[in-house]
Structures are given as C-alpha cells and as structure tokens.
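Read-outs: derived from the displayed coordinates by stated rules, not from any lab. Here the structure is a predicted model, which means the values were calculated and not measured. Note that we place each Cβ from the backbone using ideal geometry, even for glycine, and neighbour counts take in every protein chain shown.
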C-alpha cells in the first residue's frame, strides 16, 4: 500500500525561486526532500525532491516562504 | 497609481523666477456658482464648515476634540449620522488624520478638523496623504501658540499650513475664509479642489472666525460626486489599485515628486483667489487675511472717508499666494502694510510679491490680542508719513 | 485529493517590486513573512473574498506586502494601520480589511492605535507578525524582544531595568470587550502552521459575519535579524520565545456588531432635507420702519457673569436684527472663561454688510453686573446707550455723554419665578428701545431659545416685563 501511495504525488520545485533556506527539507515528515549540491541562478543550493515517498501532505508547500516556490500535485502517470 | 510605469527621467528641476510684471493683469478663480434657495441660517463659522461639508457630499468625519474647533466635531457628530454618514471621534489627532487617509483611499469624500496643536500632530498623516495623492479636507481653527499657548485666535499656523508642515516636497491649497458664509463656501470649494487635483486641501481659519455667528446662506447639496477609479473600495473593479507613498527607486520618486509639482504649477495658474477693495490708485496697500481682514476693512473705510488713497488686498488662497495680484495692486504704491495675528509669517510672501520695490511694513498682534481699527489707522498714517520722507 | 499551488490571492510575478528580480520576494531566506503571506492568501481564496479584500501594510519588512497580494492595497504610515483600516472599513463596510503589522509597528509606535481599534471592536482582522526585532530598519530592540536579547540598540542584551519585559500583545488585548478573537501561534512545525492558518480563517470569517475585531499574533522567525540560519531560527523560537509568548487562544467570543451605515451611498435629496430643515424659502423683507434711539450700525457689547445667559442675549439680539433684514455678526468670548467667570459678546447690527465684527467702541452696552459696567463704560462711543441691570448694579454709568437706562432685570425675573430669565428681560428692554423686531418675529425668537411650553411662557412674560420697564425708564428722559 505504501508504495502505491507514494507514487501518487510529485513535489515540483521552481528551482530559481529557491533561496536555499532548507525549511522544507527540515519539516518534511517523510524526509524525501534534500538540498542539492548544485547552485541555482541566485547562488543558493536549491531544495529538491528525491523522487519518491511524497504523501502529498503539503507541509513543504506551506513552509516555503516563496509564493510560487513549490507545487505539490498528483503524480501524472504519463510523465512517470 | 502603480510603480510599474516606466520612469520618464526628465532630468533636474529648473526654474527661473522672473520679476512679476506689475502691469500684467493677474488671473483669479472664483467659487463656482451654486443654487441657494433657502433663507440664511444664523450659525457659527465652525458650524458652517460642517454644513458646507455635508452639502459638498462629505460622508465621513474623523476628529478629536480641541478648543476652539470643537463645535465642528459637535455639529458633525449630530449631522453626519443623520444623513447616513460616519462620525467617529478618534483616539488622537494622529489617528484621526489616518482614518481620513483610509476613508479617502476607499473613495469617499472625508475630512478632519482641529486647532493648531492638533494640526501639528496631523502633519504626519498630511505628508503621507500628500504623497499618496489623497483628496481630503483639513480644517484648522488656529489658536495661540507655541506649545499649548491659549485658545484665543492667532494666525501663527501660516507657516505650518502654507509652507508645508510635514516632511517632503509638497504644497497644499490653503483657503482662508473671513466670514461664516465663507467657512461654508470655502469648505465646499475645498472638496471640489481636493478631487480635481487629488490632493489634501486646507481650510485655514482662526478661533474668532470659527466662533463668530453670522447669517449663512446655504447652497443646495452637490448632485454628483466625481468617480474615483483609482480608489480601493474592496470590490473587483478596484482590486488592482494601490495607494502608496513609498517609491524606493530614486528616479521613480523624483518622477513622482515631479508629477506632484506639475499639479502644483497648474493649481498656481488656475486656482489663485483674492479680493481687492478700496482706492483704484492706491499709495498704500494693506494686506491681510481671515479675521484681520475684517478689522482692516473697518480701518480702510475710515481712511477712504478721510480721502486717503488706500486699498486692501485680501488673499483668499494663501497657497497659491496672489503674488501677481499684489504686484499689480502695488504698481504705483509707496508702501505696503501687512497686518497679521503673528510676529510676521504671511509678510514673507508679501515681501516676495513686492520684490523689494517698495517698503513692506508689518503690524502684528499675538496671543489673542487683536489689532484695533484705531491702531491700524495710526499705523497707516505713520507708514505714509515715512514714505513721504523717503520720496 | 488535495493539490498545493500558489493561492490566487498572491501574484505570480511582482512587477510592483521591479528591479532585476521580479519573480522572487524581497524577504530573506527562511523569513516567516513569506509563509504567513501564503497562509493568508490561501484563506482569502478559500473564503472567496479576494475581490473584497483590502490589505493595509504599514512600515516594517512587510510594508511591501502590496508587491505580493492580489488585493486592494493601501500602504500606511508606521504604526497607523489600525487607524487607516478603521477609515476604510467605516467607509466601505462590505470590504474585508486586513491590517498586517509587525511588532515595532503594532506594539511600539502604533501601540495606542491598535489598543483603541481593538477596544472599539472595529470589524477588522489584524495579523500581528511578532519576530521580536526591527527587521527592516536594522535589527533594533522591539517591545517584544526577549530579555537578554542582543540587538543593535541593546548590544549588551535587553535588561528589565532598562526596558521592562517583552510585551505580550495577545494577552494584553484579550480582556478588552471589543475584542472577539485573540490568539497566538507559531510557524515552528507543521501542526502549528496549520493552526495558524485555521486562526486566520476564523478571524476573517468573523469579519465577514460582522463579528468584530480579531488579532492573530504569529511568532515568526527572522533568521537575518537573529543571526542564525533558517532551520536554527525555528529552534530559536522554541528556546527564546515560547516561554515568554505561550501559544494559545486567549479569547474567542465573537460578538455580533450592529449593521453599519454605508456612507458611500450618497443621497443629495436627504442631505438637503436635513440641512435645510426649518428654514423657509428666501424672500423675507423688512417689516416696518423702526425708530431707533441709536443709529446703525449698532456695536453692542453684552457682558455679565458666566451663567447669566449673556451669550444667548447677544445671539437673540443678532437674530432680531437678522429678522429685521439687517446684516449681523455675533462674537462670543469663548473657552474656560465662559464657565464660571465673566462672559461677554460683541454684536454688530448694520444696514450694510458687517466688516469688523469686533466691537471695540460700543454704542450700546448691556451690563448685567458691576465689573462689566466698569470695564466697558470707558470704551463707549460718546452718545452711546447703557442698559444696566439696576437690581445688581447700584451705581449707574458716571459719564455724562451716555444715556443710561436702568432695568431691574434680575428683580423682574425673580418675581416671575426664576432669575434665569433676567437675560430675556434685558432682551425685551432692548427690543423696546430699538423698536425691532416686529411683533410677529418675537415669538419665533423666543421659541428658538426653548420650545418647552413652561419655559416659553416664562420667556414671554420676561420679554414683556423688560419692554414695560424700558418704556417706564425711558419715558422721563425724553
């Protein structure tokens, strides 16, 4: 059950808006977000989704201080 | 008003102040004609302000009690609710002007009134309102100062009202009534000007004009109030609107100030008002406003009866000051006598208008002491005698 | 199945912000403001009030909230948002007014403004962002800075002896009767964030339902001001703020407000009806050609003790002149002196427009006590008339160039049952001597003093008494 549940959501980061504060990584209850080794356009290490394990709880969305920083939506089968 | 408009960067402000050509006829504006179909009512200047405001479509009054302006709040508290308007006694003058800021932002005609110490407190909000281009009417019933001073009439708020008492580059139209009738009429005019130019407008009177009762012929209520598409009304049509006085980018703020300044130039050109009475070819020109102009009128009548060549100029707008009218009136005069209830505030503008061509004399009383007709008469004789010696 | 996207109430890009980077907020990494904006935006969307919302953003880091909120926006002076919000809400009661304030703004410079708006029970919502520091101006002490906290203006840390304790706003406002909702929340974990959102939603719902004033205080991290990284800032809240600022609801007692007026609805006909009530149409002419003992213009001084009705006497004389079709002014001595000390007023009645309203040289003096007679007699014009209350003034005017008329006004009034109408006795005496106004104008004048039948009758008798006394007093002199 947990596997099928996890695959149903996707966390989409708008990487260039990320200021690398790390709140989403810290707050994610499933520990499926990390701060990238890469630098974004602003010179921050942007947060990113490890690709699985998201339950769609939206906590990362609510902890992100940027209005358009994160979208959480159902995983689209076509893009899988 | 959006900050996204691309700045035009029109460069520095450059001006040349040419001497006023004394022969050029100055232009003046007049109150708009209004229908008056009712017998005069006998009322205080302070009460006339409120009647004028309501008849001008003012819908919200926010104030704080202070002598000698309190009757304005009393009358407003009685009448505004009766016509579906809002009266609210604020916690302070500071708050009252900010409530006006809010109501004006929301697109209704609104006002506040106070007396000198209270006006000092309002200057914060007045600067913000000037910056945000919010139409509103501010009535100052000037009393004695500085500090707590006293509650007697003075004209010592000229500097803080006419020269801009708050921070930043702005000027506000200042109307100076000299009767209960004008307290009503100029208040109505103040609302018209406020909306026409999107600016706060001041009605500057004093304790005596506020307290004096005279018959007032009240006009009919204005039929329509201009639409304010820029306002923030809490509806879909105005959702994108912003009221603000902050412009972080230096060229953008300079452009905003330039926009305000352009309006000021237009107001100077179109809205200057005064009254000139007396001898058509005067040797001596008296300049006074408000209550003092009433006393000067008495002195003028006596002087004319004696055959003296004297005229009296009464600015009805203190900003814009009738500088050209003064230059014209004094073209063949030997001297000017400026009379004020201050140690000399408007006289600075009189000096600018005369431009050093002839002597400018000043006669002032303070603390609520009023000059008498006799006192002014003696001063006129003395000034003319000095002019004879010089010529 | 829920999705999470930027709420409609927040713009997707921020052209008002301008500059090189109009997509991202101006807030520092990890700043609580951005989180609160998002929560508020969601609540506005969920309640469907986007078009009705008016956001007030005063000075502080959130002064630029108008970059982000797709709402009617008003930027305000430091601390004054509750007053501005009051003005907006009173002018437009159907708008949803949100005052978004920081701690320096709300609790320091705007302390009285928030207190009074709360106490009035203004039907509005206050979002109070408490980050214990002045962020925008450079990390100075705030009223809510915890004890010991080092700021740029308390380099050794806040000391109780110097600055007192941090101010607890949610607790402070809760006891005020005007407050419907006062609660404190934090952004330290998912649970508290959701509670914060629920509180915001409740507060705006109360406003929609006309249920009064709400304050939602939010402990918000300021990593830059606190000089910690964003994740540490969450611990900083827990360690330094929660003890001082306990989370919880301090009051939740919604109170239905009465239906407010809608001043934007303008009815000129109603204004005319109210303002012109009681005034007849124009066209009142002179009643007759009166014979007057003094020529126009009349410069009248009426003077006596405070409480004798001096100002009213003067006003009635002015109205009598007005009824006669003459130009008049009435000018009182005003202020503290009218309550207890002496009172006097100037009245000018003229057949040409009145210039100077100040009577320096009266030609008619109405003296109701001795000090008044002594004060004004020397100022009188030669040939002037003095009417004095001979029941209170034993020696009349001493100048030989004045006509003195003694009226025992207080005695006559007292015999009518109340000394209070002595001023009306004097009025009657004046009317007799001035020969105006006409008979038909007299009763309307008395009615303008009081319509109370008993009082009106007393005034009629007093007026009559004064007129008779004046006839008696003047007759031998002629």
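Quick rundown of the values:
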| read-out | value |
| --- | --- |
| Using distinct alpha-carbon pairs, which all enter the 1/r mean, Kirkwood radius of region B:159-208 in Å | 11.5 Å |
| Fraction of the pair-distance distribution of region B:332-391 above 15 Å, Cα-Cα pairs, percent | 51 percent |
| Normalised contact order of region C:32-252, rounded percent, pairs of Cα under 8 Å and 6 or more residues apart | 19 percent |
| Column: log10 I(q)/I(0), Debye, Cα scatterers of region B:281-365, q = 0.24 Å⁻¹ | -1.25 |
| Estimated FRET transfer efficiency when R0 is 25 angstrom, pair residue B:32-residue C:277 (beta carbons, to 0.05) | 0.50 |
| Estimated D of chain C in µm² per second, where Rh is the Kirkwood radius over Cα pairs and Stokes-Einstein applies at 37 °C, 0.692 mPa s | 118 µm²/s |
| Region C:32-252 - Rg over Rh from alpha carbon coordinates, Kirkwood radius | 0.94 |
| Degrees, to the nearest 10: B:373-390 long Cα axis against longest axis of chain B | 60 degrees |
| Backbone N within region C:183-221 under 20 Å of label point (7 Å from residue C:21 Cα along the Cβ vector) | C:221 |
| Per residue convex hull volume, Cα atoms of region B:220-306, in Å³ | 231 Å³ |
| Chain B: angle of helix B:116-131 to the longest principal axis, Cα-based, in degrees nearest 10 | 60 degrees |
| Whole-number Å³ per residue for the convex hull built on Cα positions in region B:253-295 | 124 Å³ |
| Förster-model FRET efficiency, 30 Å R0, residue A:30 and residue C:45, C-beta, rounded to 0.05 | 0.70 |
| Residue-averaged [θ]222 nm for the protein assembly as shown, counting only DSSP H segments that reach four residues, each worth -39500 (n - 2.57) | -10500 deg cm²/dmol |
| Relative counts (whole %) of C-alpha pair distances in region B:58-146, using bins that are 10 Å wide | 20, 54, 24, 2 |
| Exposure proxy ranking, count of Cβ atoms within 10 Å, fewest first, for B:382, B:120 | B:382, B:120 |
| For region B:112-169, alpha-carbon Rg relative to the globular expectation (2.2 N^0.38 Å, N residues) | 1.11 |
| Distance between modelled label sites at residue B:82 and residue B:388, nm, 7 Å Cα→Cβ extension | 5.8 nm |
| log₁₀ of I(q)/I(0) at q = 0.09, 0.13, 0.15 Å⁻¹ - region C:1-160, Debye sum with one point per alpha carbon | -0.32, -0.64, -0.84 |
| Antiparallel %, DSSP beta bridges [both residues in the protein assembly as shown], to 5 | 40 percent |
| Square roots of 5 times each gyration tensor eigenvalue, C-alpha, region A:2-74, largest first, Å | 20, 12, 10 |
| Likely footprinting exposure, C:5, B:256, fewest C-beta neighbours within 10 Å first | C:5, B:256 |
| Fraction of the pair-distance distribution of region B:154-261 above 24 Å, Cα-Cα pairs, percent | 43 percent |
| Alpha-carbon centroid distance for the pair region B:251-291 / region C:456-472, whole angstrom | 54 Å |
| Relative contact order (%) - criterion: Cα under 8 Å, at least six apart; region: chain B | 20 percent |
| Principal axis dimensions, region C:343-478 - Cα atoms, whole angstrom, descending | 41, 38, 31 |
| Radius ratio Rg over Rh of region B:1-121, counting only Cα atoms, Kirkwood formula for Rh | 1.12 |
| Angle in degrees between helix B:70-82 and the longest Cα principal axis of chain B, rounded to the nearest 10 | 40 degrees |
| Largest-first ellipsoid semi-axes for the protein assembly as shown, taking √(5λ) over the Cα gyration tensor eigenvalues, angstrom | 65, 31, 23 |
| Reduced Cα scattering model of chain B, Debye log10 I(q)/I(0), q = 0.07, 0.12, 0.13 Å⁻¹ | -0.32, -0.93, -1.07 |
| Footprinting exposure proxy for B:17, C:305 (fewest neighbouring C-beta atoms within 10 Å first) | B:17, C:305 |
| Relative contact order of chain C, defined on C-alpha pairs under 8 angstrom at six or more residues apart (%) | 10 percent |
